[in-house]
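To start, the structure itself, in structure tokens.
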Amino acid sequence: MRSKDKISYFYDGDVGSVYFGPNHPMKPHRLCMTHHLVLSYELHKKMEIYRPHKAYPVELAQFHSSDYVEFLHRITPDTQHLFSNELAKYNLGEDCPVFENLFEFCQIYAGGTIDAARRLNNGICDIAINWAGGLHHAKKYVHHGDGVEEAFYFTDRVMTVSFHKYGDLFFPGTGDVKEIGEKEGKFYAINVPLKDGIDDASFNRLFKTIIAKVVETYLPGVIVLQCGADSLAGDRLGCFNLSIDGHAECVRFVKKFNLPLLVTGGGGYTKENVARCWTVETGVLLDTDLPNEIPENDYSKYFAPDYSLRIPNGYIENLNTKSYISTIKMQVLENLRCIQHAPSVQMQEVPPDFYIPDFDEDEQNPDERVDQHTQDKQIQRDDEYYEGDNDNDHTMDDVKNLLFQYTQQLIGDSGAV
């Protein structure tokens, strides 16, 4: 048992200047809102805060094709008409639009996760947080983590576990419990498909049972926990009933394994609730309970009228019957019993950090690491916020129509890294 975790937190205020467009549900300002809540609760005083480096193209090309990285580097809203073939090839469009500073946005959030991984690999911290990360190839919604699973589908080097909405033509149409990996990766992909309306009690029982068995069986050397907040009750695109405390309980449970832990964000489309959730979970990682009354901060008006950190549970009918959950649990546990050994990668050396410049922490001013973020008070774009419930820039009929359109498109890997 570690006496006290050393936590590194990565944030760059430039992510808040990115704008996907007036009709797009992804609002990067949720990251600014999260950061200012973290500051208002003074959680930054308990962490080491860093501005991440912008991932170099050669770093991104260690995973993505160099052609894809170069395309993202070159395309802009003004020039996209010149790249019709590439747009179709890489599935950029309505769901994953080309916007100003697209490549820089990708560099920032990928760079944060790379920096976080490097610090964990080198034992510099125990937990690393990058709320800007976890976009799993910019695919949206409370859906299957298909981009990440695909990357490791044929290897036992990484076990992927995804809890997600599945069925009813829900995007992207993958993530059945029967999808378990292939070749050397057979049984190393775990999918937990859920129906509408799952609540805290059902989700947490299932999550804890499966994750405990995964850790016991696979013996991971590190855990990457992607905390998409579109599973929260009231999310403008989600369909689950999780409270913030229920969502955070999963983070608390994973933390108790005392393994190196990299925590990222992901989906989440009601901005104020995303900020609430990731702030609470930052507190959980710091073993700090937060009072329900939100302190004064630059985004306070968006938490009106009650200025509460918690949100009520949802009221969507829970279609996950006890029988259904039991069946899914038994199938997953049976697949885990087929694993006879820990992953082969544990017998190999940790690869060197090839493309990341070395830096001397002793030469850095620790006060500057924190205080530089006071410069990140670029509060809101005039075109980012709207009047009305949950910042909807559509009527609910418009949102439903968009959801229907998205589920009809099997959009592949798209415009992010």
*Kindly check whether there is at least one residue in region 82-102 that is assigned to a helix (DSSP H, G or I) and within 23 Å of HIS35 (Cα to Cα).*
yes
*Please enumerate the residues belonging to region 17-72 that are farther than 19 Å from GLY133 by Cα and part of a loop (DSSP other than H, G, I, E, B).*
GLY21, PRO22, ASN23, TYR41, GLU42, SER65
*Determine if region 256-272 includes at least one residue that is open to solvent by 70 Å² or more (accessible area, probe 1.4 Å) and at pLDDT 95 or above.*
yes
*Restricting the search to region 193-208, which residues are open to solvent by 10 Å² or more (accessible area, probe 1.4 Å) and within 25 Å of ASP289 (Cα to Cα)?*
ASP199, ASP200, ALA201, SER202, PHE203, ASN204, ARG205, PHE207, LYS208
*Hey, can you tell me all the residues within region 103-125 that are in a loop (DSSP other than H, G, I, E, B) and open to solvent by 40 Å² or more (accessible area, probe 1.4 Å)?*
ASN122, GLY123, ILE124
*asked:* Tell me the residue from ALA233, ALA189, ALA275, ALA229 that is within 14 Å of MET159 (Cβ to Cβ) and surrounded by 19 or more Cβ atoms within 10 Å (Cβ to Cβ), please.
replied: ALA189
_Hits in region 290-311 - residues which are part of a loop (DSSP other than H, G, I, E, B), closer than 18 Å to ASP235 by Cα and open to solvent by less than 20 Å² (accessible area, probe 1.4 Å)_ = LEU309
*Looking at THR113, THR76, THR155, which one is over 23 Å from ILE211 (Cα atoms), modelled with pLDDT of 90 or more and not acidic (Asp, Glu)?*
THR76
*Please work out if PRO57 is open to solvent by 40 Å² or more (accessible area, probe 1.4 Å), touching a Ser or Thr at 6+ places or on another chain (Cβ under 9 Å) and of a type outside the set (A, V, I, L, M).*
yes
*Given the structure, is VAL263 β-branched (Val, Ile, Thr) and part of a helix (DSSP H, G or I)?*
no
_Count - residues of region 11-20 that are within 18 Å of THR270 (Cα to Cα) and open to solvent by 10 Å² or more (accessible area, probe 1.4 Å)_ = 3
*Based on what the data block shows, is GLN62 surrounded by fewer than 22 Cβ atoms within 10 Å (Cβ to Cβ), over 16 Å from the mean Cα position of the chain (by Cα) and within 26 Å of PRO260 (Cα to Cα)?*
yes
*asked:* Residue under question is TYR11, and the condition is that it be among the hydroxyl-bearing types (Ser, Thr, Tyr), in contact (Cβ under 8 Å) with a residue 12 or more places away in the chain and within 28 Å of GLY234 (Cα to Cα); does it hold?
replied: yes
*Residues of region 3-18 being more than 18 Å from the chain's Cα centre (by Cα), of a type outside the set (Asp, Glu) and modelled with pLDDT under 90, which ones?*
SER3, LYS4, SER17
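The values are calculated or read from the model by the stated rules, or taken from the named source; none is laboratory data. If you're wondering where the values come from, they're calculated on a predicted model, not measured in any experiment. Because the Cβ atoms are built from the backbone with ideal geometry, glycine has one as well, and the counts that use them run over all protein chains shown. Calculation scope for accessible area: heavy atoms of the full protein, side chains included, ligands and nucleic acids excluded. Shrake-Rupley method; radii C 1.70, N 1.55, O 1.52, S 1.80 Å.
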